[in-house]
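The values are calculated or read from the model by the stated rules, or taken from the named source; none is laboratory data. Everything quoted here is computed from the prediction, not taken from an experiment. All Cβ positions, glycine included, derive from the backbone under ideal geometry; neighbour counts span all protein chains shown.
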């Protein structure tokens, strides 16, 4: 069972590396890729929390028309949140030479995609659990 776990784990991590040459040259490539994935998760969680807080602030005051959002307005608001998430991932990537050498541009795009998926799942969960479920459903 542990053997299958290691094969699955390394094959997933290989999706985020620049090339097989990097994996051959550096023994610590897995640690850097794991750090990149953890960074993507932290960025997604942070972005989702900030966007949920902004939505709460926008909907907390005002009359019934400002507190009632349609489905399209909610989806657009959720989609706007991927922009700061992408910019944060790009800034972290550009400020780390290890990420640039080991991850590469393809790993950057894969990390941003993972961040988007986690962000969207967290936003939907935040709407389902909270009092805003009527905004989506």
Check whether at least one residue in the range 71-82 is at pLDDT below 90, assigned to a loop (DSSP other than H, G, I, E, B) and more than 13 Å from the chain's Cα centre (by Cα), and report yes or no.
no
(1) modelled with pLDDT of 70 or more; (2) buried (at least 16 other Cβ atoms within 10 Å of the Cβ); (3) part of a helix (DSSP H, G or I) all hold for residue 91 apart from (2)
For the range 95-113, does any single residue satisfy the condition of being at negative phi, at pLDDT 85 or above, loosely packed, with under 12 Cβ neighbours inside 10 Å and in a helix (DSSP H, G or I)?
no
